[in-house]
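What follows is one structure encoded as structure tokens, with my remarks underneath.
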Amino acid sequence: MTQDAIERAWDALVGTARRTVTDGLVVGTSGNVSARVGDLVLVTPSGVPYDRLTPADTVAVDLDGTQVRGRLAPTSELPMHLEIYRRTTARAVVHTHAVHATAASTLVTELPPIHYMAAALGGPVRVAPYALYGTPDLAAHMMRALDDRTGCLLRNHGTVTYGDTLDQAYDRTAQLEWMCRVWLTATSAPGHTPSLLSPAELHEAATKLSGYGQPH
Ligand SMILES: [Zn+2]
């Protein structure tokens with residue numbers, strides 16, 4: 001892997017991490033972003049505000065989690081990121097504590113299919129059972145919730161999504177947070193219960209989304 005490729009990937013990663021803050025998906029340093037470059041995983045460091053990250057702060061680990069680049073410690077959520085890269089074809093992972101998604105994670109074990117964009121994440125979004133942050137237990141719960149999905153909620157914690165690119169992983173997080181917001185808004189209307197999509201309707205949307213590439 002060339003130095004140039006790593007520098008470009010770090011630049012894109014920091015840009016995505018900053019966007020999670022400016023778009024209100026992350027407060028302070030409470031989320032983390034990673035990208036796979038060859039056999040390396042670039043990952044945001046623990047506890048450093050994203051607007052202060054420079055190319056000199058590049059943190060890279062191998063798939064076993066051994067740090068091969070950088071002096072700052074990788075995010076404490078590294079086990080979740082690595083587990084996704086080991087078991088899927090993901091090239092990027094975004095983790096946030098987005099407010100509506102985190103709120104929804106405390107109410108249900110699966111986000112009710114309130115909108116067809118659930119199909120863009122592979123189907124109704126599951127909620128992984130709670131485990132302490134940064135633990136292999138949490139990574140294992142998350143992987144089960146991600147079965148046939150590209151995103152899930154973590155109970156009393158937040159969101160995880162992955163994709164082929166940083167932009168795709170980021171967009172999936174934004175869509176997931178938006179869907180949780182729609183569901184919370186609909187369920188808070190007194191005396192009403194929101195209508196939900198059937199499995200057949202979601203399947204139909206998934207087929208159309210995969211055919212057109214443009215969600216409309
Ligand atoms: Zn977290």
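The values are calculated or read from the model by the stated rules, or taken from the named source; none is laboratory data. What you see is a predicted model, and the numbers here were worked out from it, not measured in a lab. Cβ coordinates were reconstructed from backbone atoms using ideal geometry, including for glycine residues, and neighbour counts include every protein chain displayed.
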**OP:** Check whether at least one residue in segment 100-111 is touching a His at 6+ places or on another chain (Cβ under 9 Å) and at positive phi, and report yes or no.
**Re:** no
Original post:
Looking at (1) farther than 24 Å from residue 41 by Cα; (2) in contact with a Gly (Cβ under 7 Å, 6 or more places away or on another chain), which is the only condition residue 169 fails?
Top reply: (1)
**OP:** Could you tell me which residue of segment 101-120 is farthest from the ligand (Cβ to nearest atom), considering only residues that are surrounded by fewer than 22 Cβ atoms within 10 Å (Cβ to Cβ) and within 23 Å of residue 34 (Cβ to Cβ)?
**Re:** 120
Original post:
Can you spot a residue in segment 62-72 that is touching an Asp or Glu at 6+ places or on another chain (Cβ under 9 Å), under 25 Å from residue 140 (Cβ atoms) and buried (at least 16 other Cβ atoms within 10 Å of the Cβ)?
Top reply: no
Subject >> Which numbered condition residue 57 misses (of (1) of a type in the set (Asp, Glu); (2) at pLDDT 95 or above; (3) surrounded by 14 or more Cβ atoms within 10 Å (Cβ to Cβ)) >> reply: (2)
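Yes/no per residue for (1) within 16 Å of the ligand (Cβ to nearest atom); (2) outside any helix (DSSP H, G or I); (3) surrounded by fewer than 17 Cβ atoms within 10 Å (Cβ to Cβ); (4) of a type outside the set (Lys, Arg):
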{"residue": "137", "(1), (2), (3), (4)": "yes, no, yes, yes"}
{"residue": "153", "(1), (2), (3), (4)": "yes, yes, no, yes"}
{"residue": "156", "(1), (2), (3), (4)": "yes, yes, yes, yes"}
{"residue": "160", "(1), (2), (3), (4)": "yes, yes, no, yes"}
{"residue": "173", "(1), (2), (3), (4)": "yes, no, no, yes"}
{"residue": "203", "(1), (2), (3), (4)": "no, no, yes, yes"}
Original post:
What number of residues within segment 44-100 are closer than 15 Å to residue 11 by Cβ and within 13 Å of the ligand (Cβ to nearest atom)?
Top reply: 1
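For (1) touching a His at 6+ places or on another chain (Cβ under 6 Å); (2) surrounded by 18 or more Cβ atoms within 10 Å (Cβ to Cβ); (3) among the hydroxyl-bearing types (Ser, Thr, Tyr); (4) within 16 Å of residue 161 (Cα to Cα), each residue gets a yes or a no:
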position: 4; (1), (2), (3), (4): no, no, no, no
position: 9; (1), (2), (3), (4): no, yes, no, no
position: 14; (1), (2), (3), (4): no, yes, no, no
position: 19; (1), (2), (3), (4): no, yes, no, yes
position: 24; (1), (2), (3), (4): no, no, no, no
position: 29; (1), (2), (3), (4): no, no, yes, no
position: 35; (1), (2), (3), (4): no, yes, no, yes
position: 45; (1), (2), (3), (4): no, yes, no, no
Original post:
Which ranges mark the strands (runs of 3 or more DSSP E) fully within segment 1-109 that have 2 or more residues being of a type in the set (Gly, Ala, Ser) and within 30 Å of residue 183 (Cβ to Cβ)?
Top reply: 32-37
Subject >> Within segment 121-135, considering residues that are outside any loop (DSSP other than H, G, I, E, B) and closer than 27 Å to residue 18 by Cβ, the one farthest from the ligand (Cβ to nearest atom) >> reply: 121
